[in-house]
Amino acid sequence: DNEKSVPQLLIRDLKFEKKSLAKLMFSPDQENHPSKAPVKYGELIVLGYNGSLPNGDRGRRKSRFALFKRPKANGVKPSTVHIACTPQAAKAISNKDQHSISYTLSRAQTVVVEYTHDSNTDMFQIGRSTESPIDFVVTDTVPGSQSNSDTQSVQSTISRFACRIICERNPPFTARIYAAGFDSSKNIFLGEKAAKWKTSDGQMDGLTTNGVLVMHPRNGFTEDSKPGVWREISVCGNVFSLRETRSAQQRGKMVENETNQLQDGSLIDLCGATLLWRTAEGLSRTPTVKHLEALRQEINAARPQCPVGFNTLAFPSMKRKDVVDEKQPWVYLNCGHVHGYHNWGNKEERDGKDRECPMCRSVGPYVPLWLGCEAGFYVDAGPPTHAFSPCGHVCSEKTTAYWSQIPLPHGTHTFHAACPFCAHQLAGEQGYIRLIFQGPLD
């Protein structure tokens, strides 16, 4: 932020790079062949950010997080079950060097399930806490917020240790999601008030306070995708229908024929932020930032014009995605006619929000257009012909059509469609509009 801190930052980062790059990037079988790329399981992308967090991505707090095969397996699996009669006994059992989940049934009884090392899996943890067991730090998404200062005043509903993803280290690298993450003492603690129960085979299971919801799209994450059904995932990875409200004591019904296995395009909701899971294979079929940049240049090369001022319009570069540029295209959201910024049709009695389109006289909101820069949200590589309403984020037709059908959890018991690039609730009949550009007159 100021010149003095730059050298320190660089030195700190260099130290970090040396130590952790080798650790992060290469698994043992790759150390002899550094040219082999590390195995990537997939990426988690937080909805509501257009390519990066408002104040920039820093460390474990960023808008997307890639899961790579670890140099050494760190997965765990359940082993011994202990029934303790006092909380003290339960504490004694939950050894700091061993992962365990404690289920408090009453003041008189706690069940502790110990977890043992699993050499076949890697574990990644997600939550609001910045403690070291958390790999990906996620904070509450405030729709359309331009800086993190907007988000800090909100009381967070995201759990400090929200969930964990376990990836198989061998092909096909299956990823599974579980509610709750292990804390710094390697413990998950479900208190008296948490929903918990004994399963038919004598094991324990439970739900976290605000729950971890998952939706797998039908037909994968492609231009043919359709929304799936939201489910809740338990601490042991079982699938349930939703509770009446997020933190209700009564669990939903168990859904026997569905699993906690993530697929390309699965959505994970942590009650305050929603993440999109993209598999490595799915990402290889997704447009790249280079492709989106080429589409931007193609639109600008066609020299669209403002039908009122006859000035040439141009989408600003991907880096300047928050500052309105003087050549920026604007759109009338009711009809889709694209203009440059002008004061035409600004009627004071309309509160300045609604404007009359000079082309077709339809009255409605008038907003600047922004390119959707987060390539992971695109379901195809089509041209940017449509915009979400009311925010003006532009992407392909199939992408706007897909996201406008997805009911995203909002608060404790409502759902609504939102723009993936800024998390604004969609408005209007469809939630998006086809853009009508005017070509150059010469």
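Rule-based calculations on the coordinates, nothing more; no lab input. Note that the coordinates shown come from a computational prediction; the quantities given were computed from them, not determined experimentally. All Cβ positions, even for glycine, are placed from backbone atoms using ideal geometry, and neighbour counts span all protein chains on display.
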### Query
Which part of the range 359-382 falls in the paramagnetic zone of Ala37, meaning amide N under 20 Å from the point 7 Å along Cα-to-beta-carbon?
374-381
## Note on the structure
If the chain between Val255 and Gln297 were fully extended at 0.36 nm per residue, the gain over the current Cα-Cα distance would be 10.3 nm
#### Entry: the range 289-434: relative contact order in percent, alpha carbon pairs under 8 Å with at least 6 residues between
17
### Query
Relative to a virtual label point 7 Å from the Cα of Thr288 in the Cα→beta-carbon direction, which members of the range 48-63 show backbone nitrogen distances below 19 Å?
51-52
## Note on the structure
Labelled set (1) 183; (2) 193; (3) 159; volume of the Cα convex hull per residue in Å³ computed from this model equals the value at (1)
### Task
First measure r as the distance between the Cβ atoms of Lys327 and Gln98, then evaluate 1/(1 + (r/R0)^6) with R0 = 56 Å and state the FRET efficiency to the nearest 0.05.
0.40
#### Entry: Mean Cβ neighbour count within 10 Å, used as a protection proxy, ranking 304-316, 272-284 highest first
272-284, 304-316
### Query
Who wins for biggest fluctuation among Ile134, Ile165, Ile299 in a Gaussian network model of the chain, springs between alpha carbons below 10 Å?
Ile299
### Query
Asp201 label point, 7 Å along Cα→Cβ, cut-off 20 Å on backbone N: hits in the range 224-247?
233-241
### Message
Here is the link list: Lys62/Lys319; Lys69/Lys193; Lys62/Lys290; Lys62/Lys327; Lys77/Lys198. Which ones come out longer than 25 Å on Cα distance?
### Response
Lys69/Lys193; Lys62/Lys327
### Task
For the chain, calculate the relative contact order in percent as a whole number, restricting contacts to Cα pairs under 8 Å that are 6 or more residues apart.
13
### Query
How much length is gained on full extension from Thr312 to Ser119, taking 0.36 nm per residue of separation minus their Cα-Cα distance?
63.5 nm
### Query
Using mean Cβ contacts within 10 Å as the protection proxy, how do 390-399, 368-377 order, highest first?
390-399, 368-377
## Note on the structure
Stretched fully, the stretch from Lys186 through Ser241 gains (0.36 nm per residue minus C-alpha distance, one decimal, in nm) 16.9 nm
### Task
Give a residue-ordered list of calculated ³J(HN,Hα) values for the range 295-310 (Karplus: 6.51 cos²θ - 1.76 cosθ + 1.60, θ = phi - 60°; whole Hz; x for Gly, Pro).
5, 4, 5, 5, 4, 5, 5, 6, 6, x, 10, 7, x, 9, x, 6
## Note on the structure
Karplus ³J(HN,Hα) for the range 172-187 (6.51 cos²θ - 1.76 cosθ + 1.60, θ = phi - 60°; Hz, whole; x = Gly/Pro) runs x, 6, 4, 10, 10, 10, 9, 6, 6, x, 7, 8, 5, 8, 6, 10
### Summary
Here FRET efficiency (C-beta to C-beta, Arg361 to Lys319, R₀ 56 Å, nearest 0.05) is 0.90
